[in-house]
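Since the structure comes first, as structure tokens, the remarks are kept for the end.
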Amino acid sequence: MAIQRTYSMIKPDATARNLTGAINAKLEAAGLRIIAQKRLWLSKAQAERFYAVHRERPFFDELTSFMSSGPIVAQVLEGENAIAKNREVMGATNPADAAPGTIRKEFALSIGENSVHGSDGEDTAKEEIAFFFSGLEIVG
Ligand code: ATP
Ligand code: MG
């Protein structure tokens, strides 16, 4: 498997509870390198743009209100098979279904307030990284 890059985001429920370092420790322990990182507070419109793919889903307003309710940490992760590896470390969307030791099992509050986001494929990883970072900000 080749070295890949993926987009990761620590969500407002986790920044509010001072979990940025604990989540980063799990990412790094899995062999993912944090090669770009910044803390931002998204507007509702920015959250709606980022999650546009979900705009027809019943939870769209709840999701975008939550994602603009406090700071997030935007990251680029790099490593062997990084997209799938990050999804594995994150755990299932619903923390009730997440495997032991995963970020969502240990930290998520609910299916909505589930602490982290991770790209789900190569195309979305490229788009999501470009949404948040310029090439100058990514330092492998
Ligand atoms: P993410 O895209 O954040 O990495 P995911 O790929 O595991 O998560 P998606 O199906 O893409 O899950 O949903 C995007 C986000 O929308 C979820 O992470 C969660 O915050 C929220 N969400 C999903 N399903 C629900 C639901 N039934 N009720 C409320 N919020 C939900
Ligand atoms: Mg998703």
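Counting beta carbons within 10 Å around each of I23, I34, I83 and listing the fewest first gives the order I34, I83, I23. In the chain the longest region clear of trypsin sites (Lys or Arg not before Pro) that are loop-assigned by DSSP and have at most 13 other C-beta atoms within 10 Å covers 56-140. Among D13, D123, a tally of other beta-carbon atoms within 10 Å of each Cβ gives an order, fewest to most, of D123, D13.
Rule-based calculations on the coordinates, nothing more; no lab input. Being a predicted model, the structure only gives us computed values, none of them experimental. Note: ideal-geometry Cβ built from the backbone for every residue, glycine included; neighbour counts use all protein chains shown.
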